[in-house]
Amino acid sequence: MSVSNLFKFFFSTFFLFVWCPIYSQSSEADSLKSTINSINDPTLKSEFLVDLIRNYIDPKNDLDYPVWVQKLCSLNVSNNIRFECEQAKLKILYTEEKYDDHLYMAKQLLKNEYIQQDKAKRYSINNFIIDNFYYKREEDSILKYLFQSQKFTSKPSEEVYIYDKLAEMYYIKGDFTTATHYVDSVLSIANKFDNSNYKAEGLYRLAKIQRKTKFYDEALVNYQSSLDILLKKDSITRSIGATYLEMAVLSKQMKNFDNALNYLTKAFYIYKKLDRQRTLATIHDEFSVCYIRLKDYETSFFHVNQAIKIKNEINIKSDLKYSYSRLGRLYYLKKEKDFDKAIHYLNLSKELYELKGSVEQKMYLELYFFNAYQLQKNTNQATKHFNQFIKLKDSLNKSINRKAIAESEVKYKTLEKEKEIQSNKLLIATKQRNFLISVSIGSFILLLLGLMYFKKRKKENQLQNIIEHVKQLSNKILYQEEEAIKRKNNLDSTTFSKHLTKEYNLTKATYEYWDRQAFGITEKEMETLFDISKSSVQSRRKELYKRLSAKTSTEEYDRHSSVSLYLEEIVDFMNAKIQSLQSDSEE
């Protein structure tokens, strides 16, 4: 391919994939801004402003972002608009690297009543605080707010975000067992909702843990699975770049430097397109390491200088220590050695490591000093740095042993905690099962008792109906007896009572019973009418039948009274049967 054709290819690629999307989004943003300026209705205007601030402009790339935020804040038409305004202000503070002000504002917002009453708003503000602590690398504070945010999640995406961050934090702390537990939670949600994005995220995080724990083959498989899911989408995302970068680091650890360079190249072009300068500096550093291992010092020298250039441009001086130490090594490794520059850059790196650096990093830096002075044949300085190297190595070994003991304790506590959780779950499940069994047995017993009660009540009602029928028949016979006596003795209603009382020796109470029965008044009504008990009414009935039977000699009355007495015996039997059934029911 000629130089001109190559130039045309790169220009067309840049125009198609970089300039066109940026220009298109910029045009949409300008159009939306014009629309907003022409709207007078505050509510409608606030909705358009929210859309602009959320989707078209950001505080990092748009200088007029604070102006539009101020316009939104001036409307203040509802709590939701007010909340959008507060979030935009937090983004501005974070972009301006005013991290203390950002944290103070976020914590103050959590005290507002309208935010406290809304889980989604509390979740959102908590995430701003988490981002703040991410920058400060305060793992314990991050964990604290992650666990708080976990209470406010309402969507699967929010749960995945929390679990993924928890996995990352425990990964950083070196607790890979707990980190894997949270990754499993992410993958569980991914399978439940059949979500490829969640699955890609979970596999990526799992592969990182496997790489750290030296399960390299498994890690490579999971990285590739995650990448396959991401590449099915049309857009080029940071996740794809991050996966390529991780695969490069893994290949480097597996000493497969050709593969590492291939993955780094792919990651480089993605982050170049996304304009992620800090990550581009990291990729240049990784290129430099690979080329040192391949002993291509000139190419390594180019990449490390590129890394230093980017870090100075974006003012991340703290990361320069890695590049300076590598540059110092290259000056004594390459063919045209320059020991003065090598020592100079190693000293620059040492100054930064003294401010913030691990024992292991400082140990390797002393080894680089030793190698430089040894090649320079400066025995005294070489010996001095070698002794320092041995001292730091011993310290590191002790630290590693302590860390191993601490990790063992953490693993033991984690296992004990998991056992306790499983035991509690089993206990809860057992209680629930026992409760269900108890409820089932209780329900069955109640149903059985209900059926028995219903059956007995049915019998009682049937017997009661028979009794009422018998009593009606008895009353009818009694009425017929009265009419027979009146005809025989030629009595009217006035003289009948005197004759009846005298002839049959009836008491007043017994006669009253006769008289009321003749008029069709029931025994139940007599209880109320005379204010007497049921047994008293029954006693009067029996007394009446007894006297009528003893005094009457006519055939007709003998027949009637005999039937009456027989019916009375039936009534007594039925009442006894009902009382027996009621006694059984009570038992």
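The values are calculated or read from the model by the stated rules, or taken from the named source; none is laboratory data. These numbers were taken from a predicted model, which means no experiment stands behind them. Cβ atoms come from the backbone with ideal geometry, glycine included; neighbour counts cover every protein chain shown. Protein only, heavy atoms only, side chains kept; ligands, DNA and RNA dropped before computing areas. Shrake-Rupley method; radii C 1.70, N 1.55, O 1.52, S 1.80 Å.
Filter the stretch 106-152 down to the residues that are open to solvent by less than 80 Å² (accessible area, probe 1.4 Å) and of a type in the set (Ser, Thr, Tyr) and list them by number.
Tyr114, Tyr123, Ser124, Tyr134, Ser141, Tyr145, Ser149
How about the stretch 153-178: which of its residues are of a type in the set (Asp, Glu), over 21 Å from Phe215 (Cβ atoms) and open to solvent by 30 Å² or more (accessible area, probe 1.4 Å)?
Of the stretch 153-178, the ones of a type in the set (Asp, Glu) are 158-159, 164, 168, 175.
Next cut, over 21 Å from Phe215 (Cβ atoms) only: 158-159.
The answer is Glu159, and nothing else.
Within the stretch 68-77, count every residue that is farther than 21 Å from Glu113 by Cβ and open to solvent by 50 Å² or more (accessible area, probe 1.4 Å).
3
Go through Asn61, Asn55, Asn80 for me and flag whichever is under 22 Å from Asp118 (Cα atoms), surrounded by fewer than 17 Cβ atoms within 10 Å (Cβ to Cβ) and either among the polar types (S, T, N, Q) or touching an Asp or Glu at 6+ places or on another chain (Cβ under 8 Å) (or both).
Working: Asn61 fails: under 22 Å from Asp118 (Cα atoms); Asn55 fails: under 22 Å from Asp118 (Cα atoms).
After ruling out the rest, the residue left standing is Asn80.
Given Ser318, Ser300, which one is surrounded by 15 or more Cβ atoms within 10 Å (Cβ to Cβ), in contact (Cβ under 8 Å) with a residue 24 or more places away in the chain and not aliphatic (A, V, I, L, M)?
Numbers: Ser318 fails: surrounded by 15 or more Cβ atoms within 10 Å (Cβ to Cβ).
Just a single option satisfies the conditions, and that option is Ser300.
Which numbered condition in (1) surrounded by fewer than 19 Cβ atoms within 10 Å (Cβ to Cβ); (2) of a type in the set (Gly, Ala, Ser); (3) in contact with a Gly (Cβ under 8 Å, 6 or more places away or on another chain) is the only one that Ala190 fails?
It is condition (1) that Ala190 fails.
Out of the residues in the stretch 212-230 that are closer than 16 Å to Asn195 by Cα and not charged (D, E, K, R), state the one that is most open to solvent (accessible area, probe 1.4 Å).
First, pick out the residues of the stretch 212-230 that are closer than 16 Å to Asn195 by Cα: 225-230.
Now narrow it down to the ones that are not charged (D, E, K, R): 225-227, 229-230.
Working: Ser225: 44, Ser226: 1, Leu227: 5, Ile229: 27, Leu230: 22 Å².
Taking the candidates together, the pick is Ser225.
Just checking, how many residues over the stretch 233-256 are open to solvent by 20 Å² or more (accessible area, probe 1.4 Å), in contact with a Lys or Arg (Cβ under 8 Å, 6 or more places away or on another chain) and closer than 27 Å to Lys317 by Cα? I'd like the intermediate steps shown before the answer.
At the first step, the residues of the stretch 233-256 found to be open to solvent by 20 Å² or more (accessible area, probe 1.4 Å) are 233-239, 244-246, 249, 252-256.
With in contact with a Lys or Arg (Cβ under 8 Å, 6 or more places away or on another chain) added as a condition, the list becomes 236, 238, 244, 246, 249, 252-253, 255.
With the extra rule that they be closer than 27 Å to Lys317 by Cα, the set shrinks to 238, 244, 246, 249, 252-253.
Adding up the residues that qualify gives 6.
Specify the residue that is nearest to Leu330 (Cα to Cα); the eligible residues are those in the stretch 365-395 that are touching a residue at least 24 places away in the same chain (Cβ under 8 Å) and surrounded by fewer than 16 Cβ atoms within 10 Å (Cβ to Cβ).
Restricting to residues being touching a residue at least 24 places away in the same chain (Cβ under 8 Å) and surrounded by fewer than 16 Cβ atoms within 10 Å (Cβ to Cβ), the top hit is Leu375.
Which ones in the stretch 257-279 are crowded, with 16+ Cβ neighbours inside 10 Å and not in a helix (DSSP H, G or I)?
Scanning the stretch 257-279 gives a single hit, Arg276.
Which residue pairs have Cβ atoms under 7 Å apart, sit 6 or more places apart or on different chains, and have a first residue in the stretch 149-177 that is part of a loop (DSSP other than H, G, I, E, B) and a second that is aromatic (Phe, Trp, Tyr) and surrounded by 18 or more Cβ atoms within 10 Å (Cβ to Cβ)?
Cβ pairs passing all conditions: Phe152/Tyr123; Thr153/Tyr123.
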